[in-house]
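Since every read-out is calculated from the coordinates, none of them should be taken as a lab result. Just so you know, these numbers come straight off a predicted model, no measurement behind them. Glycine also receives a Cβ, built like all others from the backbone with ideal geometry; neighbour counts cover every protein chain displayed.
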Amino acid sequence: MTPELRETNPRKQTLLILGATGDLTARLLLPGLGVLLAGGGGEQLLLIGSSRDGWDDNRWRQRVADSFAAADATGAQVDAVVRGARYLKADVTVESDLRRLLDACQGDVAIFFALAPAVTVQACRLLADVGLPEGTRLVLEKPFGTDAASAEALNDLLGRLVPEDQVYRVDHYLGMSTVLNIVGLRFANRMLESALNAEHVQSIDIVFDESLALEGRAGYYDGAGALVDMIQSHSLQILALLAMEAPSTLEARDFREAKAAVLRATRVWADDPVTWSRRARYTAGEIDGRPLPSYVDEEGVDPGRNTETFAEVILEVNTWRWAGVPFRVRAGKALRRLCKEAVITFKQPPWVPVGLTGYDRPDRLRIGFDPDWLRVDLNINGPGDPSVLDPVTMEASFKPGDLPPYGEVLKGVFDGDPTLSVRGDTAVECWRIVEPVLAAWRDDQVPLQEYPAGSAVSDDWPAPQQPAR
Ligand code: BG6
């Protein structure tokens, strides 16, 4: 950005989307942007889309308008952004193309890399030579690297481009209001927080059972699998929020350091990924009457990769608060029932008074993600016979947040607030946590099991069960 431009038009900003014709942009990024604009965010925005496809301004504007409409985003600001949107065909692995893209930007610049990780790396290498306008923010999609070493190398490369606070590593779960509610729930309620520790908690489960299958994403997913796609990113971010110590503020520095500290203390249970992980892949089946082919028969899948569509790992968090409490993280596709929740199971009471019968369920705190709800499972000797315990569930359901997750992520980018983005060292740490599991699986030390699409996850599936306590 030239200094003249900054003075004459201080609030102008550009969002440059690389990989703009792809699925992520249409399905998540643009709808999120639309809602943000409709609510008055993203003022004076120039939206530039770019990819190697031979689109023109009109086709791009149509894509933007359709995505905004799908999110019911309307209003003057929304229309203005559609009208002013520009499309530039470019190959981001070519220096002159990158220069052309940067020249088209106005005001403060944010570059969103909706690209394959390897292409992102190539583009960043070139940008290090080309140079970036001052203040440029870089927004990177997951996966961030392919292992701890490559994530570290990418951090170094990004560090040559902009300061860490201008790098936004997206984890859209951090943009979900219920996920952030974990912080409010834990640290604004004395009653709960005082019980959230190894003395009272038996185990914590973070579950992402999806009924969706591959949905045409083999190009990405077959190289990732459930462990990398969900656990290395989303599940560990949620674990961090559930297990971290209270930050003194929600400012980026305090909040991200609290998360980082607890992730540094997290590892595979007993350092034994063979015993405490399991993996599986779906075969042909049916979900809600919809027939699904076997994963290996999906278009673009290479069966030889042995990609898992279900992953489960038991982790330990080695802190005073959590030592000895198993954290089970699990993610699977093509399962019978959608279930995205964190479940905190409390230990049994040390003694249930003689005379009270029917204790058969521990008390639990459950946080549902999408749909968003909070449930507390308790035992009461309520209705009927007062000596017989009855399980009850208290429930609160929430409307979604004002902004969808990508809207929240982009708001952080426009506001220059990296609180909800993953800090560089944390991205590396999350790879460090899952790497022993990936290695054990690569060496075939853990069998790749199969389940028909539409199955319920069963405890009969071989290990891991909960470690004994
Ligand atoms: C994405 C994963 O990050 O998260 C997908 O790549 C997964 O495989 C999705 O389906 C789940 O997110 P959400 O917002 O639908 O719960």
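Quick notes
- Degrees between helix 177-187 axis and first principal axis of the chain (Cα, 0 to 90, nearest 10): 50
- Calculated Rg and Dmax of the range 307-411 using C-alpha coordinates, Å: 18.3, 57
- Projected area averaged over orientations for the range 225-286, convex hull of C-alpha atoms, nm²: 6.2
- Dipole magnitude of the chain, debye to nearest 20 (Cβ charges: Lys/Arg +1, Asp/Glu -1, about Cα centre): 400
- Shape call, the range 8-99: gyration tensor on alpha carbons, a/c limit 1.5: oblate
- Share of alpha-carbon pairs per 5 Å distance bin for the range 338-469, given as whole %: 2, 7, 9, 10, 13, 15, 15, 12, 8, 5, 3, 1, 0
- Taking other C-beta atoms within 10 Å as the exposure proxy, 315, 214 rank 214, 315 from fewest upward.
- Those chymotrypsin sites (Phe, Trp or Tyr not before Pro) in the range 385-449 that DSSP places in a loop and that have at most 14 other beta carbons within 10 Å: 398
- Relative compactness, the chain, computed as alpha-carbon Rg over 2.2 N^0.38 Å: 1.04
- 0 to 90° range, to nearest 10: angle between helix 117-130 axis and the chain longest Cα axis: 40
- Sequence-separation-based contact order of the range 323-402, relative, with Cα cut under 8 Å and 6+ spacing, percent: 23
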